[in-house]
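Trainee: My questions will all concern the structure given below.
The values are calculated or read from the model by the stated rules, or taken from the named source; none is laboratory data. Being a predicted model, the structure only gives us computed values, none of them experimental. Every residue, glycine among them, receives a Cβ derived from its backbone with ideal geometry; neighbour counts consider all protein chains shown. To get the accessible areas, we keep the full protein, side chains included, count just its heavy atoms, and leave off ligands, DNA and RNA. Shrake-Rupley method; radii C 1.70, N 1.55, O 1.52, S 1.80 Å.
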Amino acid sequence: MTEKNKMGTAVVTGASSGLGEVFAERFAKRGYDLKLVARRGDRLDAIAQKIESKYGIKVTNLVADLGLDTDVEKVAEELRNDKSITLLINNAGTSSLTSVTKTSVQKQKEMVNVNITALMLLSNAILPQFLEKNEGTLINIASVLGFYSLPISAIYSGTKGFVIQYTKGLQEEVKGTYCRNYIIIIWQIF
């Protein structure tokens, strides 16, 4: 880390819009360099240009579809190899608020891949580094639907329930260290 940037690097998944874009801007404002992960490279480029010029920090874009094993592994490898990373926010997610019988198996698998598998693999990629340094912050984005299920949210609620329980388990595993794991619950308004 340079003298200018003692915060390190924050990695934000799902950074091309919505909460991911907001998180990227807020971390940049605090002085973090950024690695932004999303499928839409054109959106990432526009966000990176805006944030770099506004805050004078470095932004690296990782164009990846976290529903694809090869792309998740590419991002995980990047996390394992970058010792400047001090914060990971697993924000990427996908949903389909329809009944199971009206949701294609492919869409159901995509929700599991992005909302559970990618989150778990990226957490696993960065946690050893955080524990070795005895510092780091992992934030996993869940949903109020992780506590409840509606007739239209069985798959989505199940994936977000995993995020809540997985992160609670990680909190217990790192208790007594300076590694931090947080669950942010997003309230959805219909």
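Trainee: Note the listed values (i) 37; (ii) 15; (iii) 26, then indicate which one is percent of Cα pairs over 31 Å apart calculated from this particular structure.
Mentor: Only one listed value fits the structure, namely (ii).
Trainee: Still on this model: In degrees, nearest 10, range 0 to 90: what is the angle between the Cα axis of helix 41-55 and the longest Cα principal axis of the chain?
Mentor: Rounded to the nearest ten degrees, it is 40.
Trainee: Which residue fluctuates the most in the chain, going by a Gaussian network model with Cα springs under 10 Å, if the choices are 56, 161, 20?
Mentor: Highest fluctuation among the options: 56.
Trainee: Of all the accessible heavy-atom surface of segment 1-115, with the other protein chains kept in place and a 1.4 Å probe, what percent is carbon and sulfur? Before the final figure, lay out each step's value.
Mentor: Numbers: 2990 of 5930 Å².
Reported share for carbon and sulfur atoms: 50 percent.
Trainee: For the charge dipole of segment 1-74, defined by +1 on Lys and Arg C-beta atoms and -1 on Asp and Glu C-beta atoms about the Cα centroid, which residue among 16, 53, 41 has the Cα displaced farthest towards the positive pole?
Mentor: Projecting each Cα onto the dipole axis, the largest value belongs to 53.
Trainee: Give me the percent relative contact order of the chain, please, defined on Cα pairs under 8 angstrom at least 6 residues apart. Working shown, then result.
Mentor: On the way: 346 pairs, mean separation 35.2, N = 190.
This gives 19 percent for the chain.
Trainee: So, with +1 on the Cβ of K and R and -1 on the Cβ of D and E, and no other charges, what is the size of the charge dipole of the chain about its Cα centre, to the nearest 20 debye? Intermediate values should be presented prior to the final figure.
Mentor: Details: 23 positive and 19 negative charges, 94 e Å.
Around 460 debye, computed over the chain.
Trainee: Something else about it: Quick check for you: with a 1.4 Å probe and neighbouring chains kept, what is the accessible area per residue of the chain, in Å²? Walk me through the intermediate numbers first.
Mentor: On the way: 9770 Å² over 190 residues.
Ligands and nucleic acids excluded, the figure is 51 Å² per residue.
Trainee: Another question, then. Per the helix-only calculation at 222 nm, which mean residue ellipticity applies to the chain, given -39500 (n - 2.57) for every DSSP H run of n ≥ 4 and division by its residues, nearest 500 deg cm²/dmol?
Mentor: Numbers: 6 runs with 83 residues, N = 190.
Result for the chain: -14000 deg cm²/dmol, rounded to the nearest 500.
Trainee: Enter the angle in degrees (range 0 to 90, nearest 10) between the Cα long axis of helix 18-29 and the first principal axis of the Cα atoms of the chain, meaning the one along which they spread out most.
Mentor: Between helix and principal axis, roughly 20 degrees.
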